[in-house]
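The values are calculated or read from the model by the stated rules, or taken from the named source; none is laboratory data. Only a predicted model underlies this, so the values are computations on that prediction, with no experimental measurement involved. Glycine gets a Cβ as well: all are built from the backbone with ideal geometry, and neighbour counts include every protein chain shown.
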Amino acid sequence: MSKLHDSLPDAKGSYLLILFLPGSRTIQVGRLGPMVFDRGWYVYAGSAFGPGGLAARLGRHLQPLVKAHWHIDHLRTAAKVVAAWMAIGPPVREHDWAAALTEGPEAGTAVRGFGCSDCRCLSHLIHFTRRPGRILLRAKLGFDVVAAPLKEIVKQRPKTPHRAGSSTNV
Ligand SMILES: [Zn+2]
């Protein structure tokens, strides 16, 4: 864990967390109340422009959960973070990224109200039935990725309950 944390930059920037939920679940999400989450992959868009930058924020998202504070913490009680991406430096990209992921071909589905208590977005959490990889993210996030390449900093295989006969390879 500390090794991972050492690899994270102290710089400020924006990030995406990719989470995998192995089965449909109803999860209590703070004041939003109980919400139904379908099986699949979730992309959470955030930014870290406070003290400690990306290292502090992502370090927290990637460590075992102690106490749920943000909406994403509640999802993490059932879903595992399988990847994280980031772009260093301004501008704050999380809102544009969240919107872009719900537009065009292969768009994901916004989980209304999630992670956007402090902004006017529809959502900062987008559901995908297939794992959103580098190609899809680059296509959705467009020139922004070229201007400030997203860097995949963590890549872990999701732990699925059983592999036999699975048709969910990604
Ligand atoms: Zn927003």
Residue match in region 41-48 (condition: surrounded by fewer than 19 Cβ atoms within 10 Å (Cβ to Cβ) and either among the hydrophobic types (A, V, I, L, M, F, W, C) or in contact with a strand residue (DSSP E or B) (Cβ under 8 Å, 6 or more places away or on another chain) (or both)) = no
inquiry  = Looking only at residues that are of a type outside the set (A, V, I, L, M, F, W, C) and within 16 Å of the ligand (Cβ to nearest atom) in region 119-138, which one is farthest from the chain's Cα centre (by Cα)?
reply    = Arg120
task = Please list, ordered by first then second residue, the pairs with beta carbon atoms under 9 Å, 6 or more apart or interchain, first in region 86-105 and more than 13 Å from the ligand (Cβ to nearest atom), second assigned to a helix (DSSP H, G or I) and not hydrophobic (A, V, I, L, M, F, W, C).
result = Ala87/Asp144; Ile88/Gly53; Glu103/Lys140; Gly104/Lys140
Count of residues meeting criterion [surrounded by fewer than 17 Cβ atoms within 10 Å (Cβ to Cβ) and more than 12 Å from the chain's Cα centre (by Cα)] in region 71-87 = 2
note = Restricted to region 113-144 and to residues being modelled with pLDDT under 85 and buried (at least 18 other Cβ atoms within 10 Å of the Cβ), the residue nearest to Ser24 (Cα to Cα) is Leu141
query = Of the residues that sit in region 23-40 and are of a type outside the set (Gly, Ala, Ser) and loosely packed, with under 12 Cβ neighbours inside 10 Å, which one is nearest to Thr129 (Cα to Cα)?
reply = Val36
